[in-house]
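J.: Below is a structure I'd like to ask you about.
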Amino acid sequence: MINLAARDILHGWGKFVFTGVGLGLLIGVTLSMAGIYRGLVDDGKALLAIGGADLWVVQRDTLGPYAEPSSVRDDAYRSLLGIPGVAAAGNVTYLTMQIEHARGEVRVMLVGFQPGHPGEPGYLVAGRPITRSHYEAIADMRSGLSLNERIRIRRHEYIVVGLTRRMVSSGGDPMLFVPLKDAQEVQFLKDNDALVNERARSAANPAFNRPGVPGLLEAVQASQTNSHQVNVVLLRLAPDADETRVAEQIRRWKHLEAYTRADMDEILVAKLIATSARQIFMFLVILSVVSATIVAFIIYTMTLNKVREIAVLKLIGARNRTIALMILQQALGLGVIGFIVGRTAAALWAPIFPKYVLLLPGDAVRGALLVLLICALASVVAIRAALRVDPAAAIGG
Amino acid sequence: MAQPAIEINGLAKRYGEGDAAVDALKGVDMMIQPGEVVGLIGPSGSGKSTLLKCLGAVIEPTSGRMALAGKAIYDNGWKVTDLRALRRDRIGFVFQAPYLIPFLNVTDNVALLPMLAGLPNSQAREQARQMLAALDVGHRTQAQVRQLSGGEQQRVSIARALVNEPPIVLADEPTAPLDSERALTVIRILNQMAQRFQTAIIVVTHDEKIIPTFKRLYHIRDGRTFEAAGEGRAA
């Protein structure tokens with residue numbers, strides 16, 4: 001038996017292909033939305049992988065340092081190192097900020113870390129690690145910064161000595177690693193005017209400036225200008241250590257919150273990006289419905305354009321099955337073209353997106369199956385219309 | 001004497017019910033022998049198309065009897081269960097316009113019927129090519145429908161109607177869009193094919209040019225048929 005669907009497609013292939021391309025672009029947008037969601041999750045996981053940590057120690061009763069602000073004294077790591085099972089500890093600060101460079105501005109997550117401790121970038125793709133105590137930086141390539149480029153952060157100028165890749169915040173902002181002391185100053189130290197103002201206020205306060213207590217005012221003023229806070233202490237555990245038990249000890253004895261990797265996964269995926277994920281999911285649903293409606297409309301229109309041929313086919317004895325199969329095959333053909341175009345388009349435009357778009361093969365397979373299912377369902381309306389065509393319509397009168 | 005190709009007795013068709021009922025056919029009687037080409041003429045609304053649709057097993061008559069090659073297909077109810085198979089295997093159709101399938105080439109337009117009947121593609125195409133050759137369009141087998149002239153398209157549609165060698169062919173105004181010369185050519189072809197395949201052909205027509213070519217004519221008026229001898233002029 002002749003494949004009527006294939007013959008019809010070949011007969012009007014230009015129209016069919018253009019329709020498929022149009023549908024494909026819509027499918028491409030849908031696949032990109034799925035890719036953006038995957039990118040969000042992957043960014044979150046990449047963030048956790050950066051420090052090489054097993055436990056995140058943060059301020060008590062917070063979901064810090066990524067989902068909520070957290071502040072921990074930077075000497076806490078010493079006592080944490082004394083807990084059995086803890087192999088290494090590193091203070092880390094995070095601050096999302098806008099920085100200027102030669103070609104414009106870029107939003108980055110400024111990471112303060114201690115070289116040689118948990119929290120440092122895992123690898124470099126160019127340049128060298130930070131070797132000086134101040135004013136050197138390692139930038140993620142997505143920031144657009146290049147080696148030896150000089151950038152200004154607050155009061156000081158930094159030089160980019162190394163480049164890394166796929167080190168971004170959960171929001172997709174590229175990371176800029178600087179020495180911990182510099183980062184603490186950027187995050188916690190006030191500007192000179194604010195300091196002068198604060199000192200004057202303290203001096204004017206009789207509680208801090210008592211005539212009979214020499215040195216009190218100086219001590220108060222010194223405490224106001226300290227920057228000995230960090231956002232998180234990252235812990236690397238010994239190979240045989242039980243992370244749950246170590247975390248429990250930290251909660252009990254150190255009055256801090258400790259999260260395992262599984263806890264952080266949960267916080268990032270289920271809490272931090274949950275709203276974005278739901279938003280994207282809604283887009284996905286809407287785009288799928290729009291795609292299905294468009295496929296249904298296209299197939300229905302294509303079928304209505306063939307009413308006379310369908311009437312003749314029925315009159316000369318073609319079975320309903322033959323006609324339904326023709327329409328179904330055309331719908332699936334449209335879906336196949338649409339999917340190929342959509343997948344190609346999504347792959348082509350993914351690098352242009354400002355945020356990471358991760359197109360997983362598994363998602364592509366699921367997308368293909370969904371597209372074929374949608375096309376099959378969309379063809380039902382057209383098949384019903386075709387089966388209602390009266391063969392008598394081919395005969396005059 | 002051979003069995004009549006078509007025998008119709010007291011065929012009636014009523015549309016609607018009660019006060020809105022319309023009797024389109026009120027007891028039609030016809031008998032056509034194999035190889036015969038008869039004309040069916042009548043004014044608009046006389047019941048020509050209804051008769052054609054009943055004969056083509058497209059609509060169900062209300063009462064009466066129809067037999068093809070001596071076998072009843074309708075006797076106050078259908079006597080066959082698969083009307084599609086009946087249309088495919090035992091009735092050929094030629095329409096006012098050729099109504100060829102535009103996305104199939106000439107051979108496949110004709111071969112489609114034997115293929116639908118279950119014949120392998122190669123055999124069906126061979127059968128189609130032979131029929132096309134018999135209708136003098138054997139040189140256009142690979143052509144697309146849009147590449148054919150009006151006359152060629154009508155020949156291909158006749159080939160499609162005859163390819164399964166049905167006992168009857170129903171032709172609905174087959175010459176309407178053609179000029180005199182081509183119209184007469186179509187009638188000549190129908191006569192030749194009817195003789196060659198011993199097929200009975202009913203030609204519904206308004207066409208004054210071709211009416212004198214029929215040896216026998218059925219007039220239909222107010223749902224009833226009246227037989228008349230035709231002139232039988234050579235087409």
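Read the figures in this text as sums done on the coordinates, not as results from a lab. These numbers were taken from a predicted model, which means no experiment stands behind them. Positions of Cβ are backbone-derived with ideal geometry, glycine not excepted, and every protein chain shown enters the neighbour counts.
J.: Would you mind telling me the antiparallel percentage of the DSSP bridges in chain B, rounded to 5?
T.: On the way: 25 of 42 bridges.
DSSP beta bridges in chain B are roughly 60 percent antiparallel.
J.: Rounding to the nearest 10 and keeping the result within 0 to 90°, find how far the Cα-based axis of helix B:106-116 lies from the longest principal axis of chain B.
T.: On a 0 to 90 degree scale, this one is about 60.
J.: Taking each pair of distinct Cα atoms in the stretch B:6-229 once, what is the resulting Kirkwood hydrodynamic radius in Å? Don't skip to the answer; put the middle values down first.
T.: On the way: mean 1/r = 0.0561 Å⁻¹.
17.8 Å is the Kirkwood radius here.
J.: Test of understanding: what is the full-extension gain from A:ALA219 to A:LEU304, defined as 0.36 nm times their sequence separation minus their Cα-Cα distance? Present the calculation step by step, with values, prior to reporting the outcome.
T.: On the way: separation 85, 0.36 × 85 = 30.60 nm, distance 8.71 nm.
Going from the current span to full extension adds 21.9 nm.
J.: Please give me the summed charge of the neighbours of B:ASP23: other residues whose Cβ is under 11 Å from its Cβ, Lys and Arg +1, Asp and Glu -1.
T.: Details: positive: B:LYS13, B:ARG14, B:LYS26, B:ARG224; negative: B:ASP222.
That works out to +3.
J.: How many nm separate the modelled label positions at B:GLU208 and A:LEU377, each set 7 Å beyond the Cα in the direction of the Cβ?
T.: If labels sit at B:GLU208 and A:LEU377, their model points lie 6.1 nm apart.
J.: Taking amide H atoms as placed 1.01 Å from N in the peptide plane, list the residues 5 or more away in sequence, or in a different chain, whose amide H sits under 5 Å from that of A:GLU136.
T.: A:ILE159
J.: OK, next. Can you sort A:VAL125, A:VAL336 from fewest to most other Cβ atoms within 10 Å of each residue's own Cβ?
T.: A:VAL125, A:VAL336
J.: Where a Cα-Cα gap under 22 Å defines reach, which lysines qualify for B:LYS215, not counting those fewer than 8 residues away within the same chain?
T.: Answer for B:LYS215, where 22 Å is the Cα cut-off: B:LYS48, listed by chain and number.
J.: Further, regarding this structure: Place the peptides A:316-322, B:101-107 in order of packing, highest mean first, counting for every residue the other Cβ atoms within 10 Å and averaging per peptide.
T.: Details: A:316-322: 17.4, B:101-107: 21.6.
Top to bottom by mean Cβ count within 10 Å: B:101-107, A:316-322.
J.: How big is the shadow of the Cα convex hull of the stretch B:101-235, averaged over all directions, in nm²? Please report the intermediate quantities before stating the final value.
T.: Details: hull surface 35.3 nm².
Directional mean of the projected Cα hull area for the stretch B:101-235 stands at 8.8 nm².
J.: Quick one: which residues, 5+ away or cross-chain, put their amide H under 5 Å from the amide H of B:LEU25? H built at 1.01 Å from N.
T.: Under 5 Å from the amide H of B:LEU25: B:LYS13.
J.: Quick check on the stretch A:50-272: of the DSSP beta bridges with both residues there, what percent are antiparallel, nearest 5%?
T.: Values: 34 of 44 bridges.
Antiparallel bridges: around 75 percent, rounded to the nearest 5.
J.: Cross-link partners among lysines for A:LYS271, C-alpha distance below 18 Å, same-chain residues fewer than 8 apart left out?
T.: List returned: A:LYS45.
J.: Still on this structure: Please report the antiparallel percentage of DSSP beta bridges with both residues in chain A, rounded to the nearest 5. Write out the running numbers ahead of the final one.
T.: Working: 34 of 44 bridges.
If we restrict to bridges inside chain A, about 75 percent are antiparallel.
J.: Here is a follow-up. Using alpha carbon centroids, what distance separates the stretch B:178-233 and the stretch A:129-164, in Å?
T.: For the stretch B:178-233 versus the stretch A:129-164, the Cα centre distance is 96 Å.
J.: Listed highest first by mean packing, meaning other Cβ atoms within 10 Å per residue, what order do A:160-173, B:20-33, A:200-213 come in?
T.: Details: A:160-173: 20.5, B:20-33: 17.4, A:200-213: 10.9.
For the peptides A:160-173, B:20-33, A:200-213, the packing ranking is A:160-173, B:20-33, A:200-213.
J.: Where the eigenvalues come from the Cα gyration tensor of the stretch A:141-216, what are the semi-axes √(5λ) of the equivalent ellipsoid, largest first, in whole Å?
T.: Values: eigenvalues 329, 33, 21 Å².
So the equivalent ellipsoid measures 41, 13, 10 Å along its semi-axes.
J.: Measure off 7 Å from each Cα along the Cα-to-Cβ vector at A:ARG155 and A:ALA6, then give the distance between these two points in nanometres to one decimal.
T.: Once both label points are built, they end up 7.7 nm from each other.
J.: Which value results when the Cα radius of gyration for the stretch A:50-272 is divided by 2.2 N^0.38 Å? Could the numbers behind the result be given before it?
T.: Numbers: Rg = 19.1 Å, N = 223, 2.2 N^0.38 = 17.2 Å.
Working it through for the stretch A:50-272, the quotient is 1.12.
J.: Same structure again: Take the cross-link list A:LYS190/A:LYS355; A:LYS306/B:LYS53; A:LYS181/A:LYS254; A:LYS314/B:LYS79 and give me the ones stretching past 29 Å between alpha-carbons.
T.: Details: A:LYS190/A:LYS355 32 Å; A:LYS306/B:LYS53 21 Å; A:LYS181/A:LYS254 24 Å; A:LYS314/B:LYS79 20 Å.
Beyond 29 Å between Cα atoms: A:LYS190/A:LYS355.
J.: Next question, about the same structure. Note the angle between two axes, namely the Cα long axis of helix B:180-197 and the longest principal axis of the Cα atoms of chain B, as a number of degrees from 0 to 90, rounded to the nearest 10.
T.: 90 degrees
J.: Roughly how far apart, in whole Å, are the Cα centres of the stretch A:34-92 and the stretch A:181-198?
T.: Here the answer is 24 Å between Cα centres.
J.: Also, I was wondering about something else. If you average 1/r over all unlike Cα pairs in the protein assembly as shown and invert the result, what Kirkwood radius do you get in angstrom? Before the final figure, lay out the partial values.
T.: Values: mean 1/r = 0.0314 Å⁻¹.
One decimal place: 31.8 Å for the Kirkwood radius.
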